[in-house]
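*Asks:* Okay, here's the structure, questions in a sec.
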Amino acid sequence: MQAVIMAGGFGTRLRPITSSIPKPMAPVANKPMLSHIVELLKKYSFKDLTMMLYYQPEIITNYFGNGSSLGVNIKYLRPESDLGTAGSVGFAKDDINGTFLVISGDVLTDFDISKAIEFHKQKKAIATMVLTRVSNPLQFGVVITDKDGKIERFLEKPSWGEVFSDTINTGIYILEPEVFDYIPENKDVDFSKDLYPRLLKENKGLYGYVAEGYWKDIGNHDEYRFAHYDILDGKVKIDVPGVKKEIDGKTVIIGENTVIEDGVIFDSNVIVGNNTIIKKGARIGKSVIGSDVTIGESSLILGSVLWNGVSVGSEASLKEVVIGASTKLGERSSVQVGTIIADECNIGADATIRANLRIWPHKIVEKGAILSSSLVWGERWNKALFNAYGTITGLGNIEITPEFAAKIGSAYGAYVGSGAYVVISRDDHRTTRMIKRGLISGLLSAGVNVGDMLSSSIPVARYEIGNDGEIGGIHIRQSPYDARLIDIKFFDKFGGDISINQEKSIEQLFFREDFKRANMDEVGEITVPPRALEYYKTGYLDIIKKKQTINKIKIVIDYAHSSASMVFPAILGELGVDVVALNAYIDAKKITKTREEFVESLNQLSDIVTTLKASAGFLIDNGAEKLFLVDEKGKIMDDETAMLVMAYLVMITYKTGTIAVPVTVSSVIDELAEKFDFKIKRTGTSPRNIMNATKDEKVIFVADCRGGFIFPEFQQAFDAMYSIGKLIEMLTQNNLTISRIRREIPSFEVFHTTIPCSWDKKGQTMRNAIENTKDKRTELIDGVKVFLNNGWVLLLPDPDEAYFHIWAEAKDKTTAKGFIDMYTDKIRQWQK
């Protein structure tokens, strides 16, 4: 049979150790990881191999040649552009005859491929995914199959709420030539995003085979070390060059011409390459030592991987580190846990390299120096740049520094391209001003023109995008939840949050440090958008006034010291609203509220509303995205009731349409929708998923049940100011009060709790949840929603913490609490 090996990886996440080689050539147990793949294929009678190359192809071709030394025949192909995973395989179709296998060149596995092929042929499949089970499926494609192995559902790189199984796509595929009919030539086509969804939709025989054995995607530095530990522990069956010896009860594999002097202590299993010298008194445990390495007397090496040509001085100490080729470490030098040192570095005698640092190639650390920061960049951003909510968040001036901001700006600038125009804004904190200037520097260096909106509320910044040719934007703020943190938010060309794919593209540029700098005459320019506030005000009043002139009404607004106080009073004045304003001035020290301060603000607002006999009270968050309501009687409304009040008003005002809300929202909204001839669209719980609902043209109102409201007629993002205007407009148009609407809403009982669940059990728990509820009606929009008699339960893993959320609704408290108790017990059982 034939096999296509995908070997074009950049190795972005493994940098700096892959700075000078493609990722598949990184050594694993003293062989390129790609070599282990070739040996696996040969073991199962794959002799005709096609390698798809892209990054530094000559390093791979020079090492493998035509494959004859390994007993295979290798052909190399390199598309001129990035065609995606399936598109690259399609590029090789003229060389394929019959059933063939596709496998990544940068994984470590010992799967019995022959069993997968046998399964494929038995099922007469057009395509078979080889699957496995993992503890953390977030970075992979999650798959569900029926009892016959036919794929029912899959999702690429889900959020925790979308993890419906711990069974994942390994990137190993068995395919029939028919698949080429579904891969357009010279087009960017992805297996998971394009080809497989089409095959699934057309019911073309897409199957999944759950393989037994070892599989690991070596995606970051930790996984790289852990893969070596697994090899040393015998968890994976691969060929390791050398002679196996038992020394003091430890297994040591020793290469040719290697010298181990008397007095060397092996604490646990070790692999040593060829032509290496380990001098007396050295102590080594759970490590892989390359070829042509010298380890000095009385040195200590534990849990580490040393590439070829490394020199370790006497009495040096290395603990859980990776050292690149030809790096020299002086006498008594110390490299601490988690640090990565790339090729050809020189660490002086008595130098100390602190934990979790990254040292890029050819760096010199002087004798006796103590290095406490990375030479190029820090580890804080090694695994993921963006968090689950689509922002870059870190400790202000510790993790989010001016240098870091400049690099982010350069990466984003490289993504949008020279000559592009983006806007940038911030809140009023002095640290965000500093970070904004760092971002601007990076953008300008990439040739990007910047519109500096200075201090601005988030809705105004979003609304500006596109008015003057902007193709995106950035907003920097102090976190509303933790005063120590800084958030960096990115907007797309429509003013919405950028997509996950856009995040990944920026992330790759950031980690690769692949920034194209502009020539001196092409460096970007800074301008100040002159009409941003005017655009917002005009657009706002055009829509509100077109619908109806708002009657004279008195309201109380707590601006929470936000930038909304710079634009909203003028809009309300135009509408003729009588406003009592609280905290309508900017105070950088009051951007973040504690829970106690938030409750105190609402209580104060309630008192003032009742004292002044106002029609409503509104508390705006500092970014002017979230809105919290008090009715004319001073009743503080919880978020779900406020959402239902707003939805009720939308339904009686617009007469027909679709409303989008998260899966956690009470079924009361479905009752209201049925009454008023509306449709309800359920979304995931993340802000991105909620905002994405606005892309459906039928959706006229979106709410997140956390104080966020969207009216797509104005803009496709949360906007507290516009929501206030719409609420006032709809109240006066229908001659209603908030308290009266509240009385019209049926009672409901939604309860919520959290259950501890370790990260490595989340996927397993989700799989068990689905398997154990197959006899019930379920919904898999975000988590697993199970519909029961007189209610429902939602099981949702938290994206940031080690626990599960459980929501339950029923017609009475006792039943709802019973649902909570029942599924609390189930989740505990499913983790065992």
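The values are calculated or read from the model by the stated rules, or taken from the named source; none is laboratory data. Keep in mind it's a predicted model, so treat the numbers as computed, not measured. Please note: Cβ atoms are built from the backbone with ideal geometry, for glycine as well, and neighbour counts cover all protein chains shown. Surface areas here come from the heavy atoms of the whole protein model, side chains and all, with no ligands, DNA or RNA. Shrake-Rupley method; radii C 1.70, N 1.55, O 1.52, S 1.80 Å.
*Asks:* Scan 172, 183 and give me the residue that is open to solvent by less than 20 Å² (accessible area, probe 1.4 Å), in contact with a helix residue (DSSP H, G or I) (Cβ under 6 Å, 6 or more places away or on another chain), at pLDDT 80 or above and of a type in the set (Val, Ile, Thr).
*Replies:* It is 183.
*Asks:* So if I check each of 343, 262, which one is in contact (Cβ under 8 Å) with a residue 12 or more places away in the chain, crowded, with 19+ Cβ neighbours inside 10 Å and of a type in the set (Asp, Glu)?
*Replies:* 343
*Asks:* Here's a follow-up. Scanning for something open to solvent by 60 Å² or more (accessible area, probe 1.4 Å), under 19 Å from the mean Cα position of the chain (by Cα), touching a residue at least 40 places away in the same chain (Cβ under 8 Å) and under 25 Å from residue 32 (Cα atoms), does the range 135-145 turn up at least one residue?
*Replies:* yes
*Asks:* May I pose another question? Which residue is farthest from the chain's Cα centre (by Cα), if the candidates are limited to the range 578-618 and must be in a helix (DSSP H, G or I) and touching a residue at least 40 places away in the same chain (Cβ under 8 Å)?
*Replies:* 612
*Asks:* Just to be sure, is residue 231 hydrophobic (A, V, I, L, M, F, W, C), in a helix (DSSP H, G or I) and buried (at least 22 other Cβ atoms within 10 Å of the Cβ)?
*Replies:* Considered against the rule, which asks whether it is hydrophobic (A, V, I, L, M, F, W, C), in a helix (DSSP H, G or I) and buried (at least 22 other Cβ atoms within 10 Å of the Cβ), residue 231 comes out as yes.
*Asks:* Given the conditions (1) crowded, with 24+ Cβ neighbours inside 10 Å; (2) touching a residue at least 60 places away in the same chain (Cβ under 8 Å); (3) among the aliphatic types (A, V, I, L, M); (4) farther than 26 Å from residue 725 by Cα, report the number of the one that residue 458 does not fulfil.
*Replies:* Only one criterion in (1) crowded, with 24+ Cβ neighbours inside 10 Å; (2) touching a residue at least 60 places away in the same chain (Cβ under 8 Å); (3) among the aliphatic types (A, V, I, L, M); (4) farther than 26 Å from residue 725 by Cα is unmet by residue 458, namely (4).
*Asks:* A follow-up question, please. In contact (Cβ under 8 Å) with a residue 40 or more places away in the chain and either assigned to a helix (DSSP H, G or I) or in contact with a Cys (Cβ under 8 Å, 6 or more places away or on another chain) (or both), is that true of residue 131?
*Replies:* no
*Asks:* Looking only at the range 792-818, filter to residues that are in contact with an Asp or Glu (Cβ under 8 Å, 6 or more places away or on another chain) and among the aromatic types (Phe, Trp, Tyr); which one of those is nearest to residue 666 (Cα to Cα)?
*Replies:* For the range 792-818, the residue satisfying everything is 792.
*Asks:* Please report, ordered by residue number, the strands (runs of 3 or more DSSP E) entirely within the range 389-480 with at least 1 residues that are of a type in the set (Ser, Thr, Tyr).
*Replies:* Passing ranges, in order: 391-395, 421-426, 449-455.
*Asks:* Exactly one of (1) under 19 Å from residue 729 (Cα atoms); (2) open to solvent by 30 Å² or more (accessible area, probe 1.4 Å) is unmet by residue 681. Its number?
*Replies:* Looking at each condition in turn, residue 681 falls short on (1).
*Asks:* Give the residues of the range 596-643 that are more than 23 Å from residue 477 (Cβ to Cβ) and hydroxyl-bearing (Ser, Thr, Tyr), sorted by residue number.
*Replies:* 606, 610, 611, 615, 641
*Asks:* Taking strands (runs of 3 or more DSSP E) that fall entirely within the range 682-801, which contain at least 1 residues that are closer than 24 Å to residue 154 by Cβ?
*Replies:* 777-779, 784-788, 791-797
*Asks:* Return the total of residues in the range 553-567 being outside any loop (DSSP other than H, G, I, E, B) and either of a type in the set (Val, Ile, Thr) or within 32 Å of the chain's Cα centre (by Cα) (or both).
*Replies:* Of the residues in the range 553-567, 5 are outside any loop (DSSP other than H, G, I, E, B) and either of a type in the set (Val, Ile, Thr) or within 32 Å of the chain's Cα centre (by Cα) (or both).
*Asks:* Here is a follow-up. If you check residue 435 against the conditions, is it open to solvent by 10 Å² or more (accessible area, probe 1.4 Å), in contact with a Lys or Arg (Cβ under 9 Å, 6 or more places away or on another chain), among the β-branched types (Val, Ile, Thr) and in contact (Cβ under 8 Å) with a residue 40 or more places away in the chain?
*Replies:* Judged against the criteria, residue 435 is not a match.
*Asks:* Can you tell me which of 185, 178, 152 is in a strand (DSSP E or B) and either touching a His at 6+ places or on another chain (Cβ under 7 Å) or among the charged types (D, E, K, R) (or both)?
*Replies:* None of the other options fit; the residue is 152.
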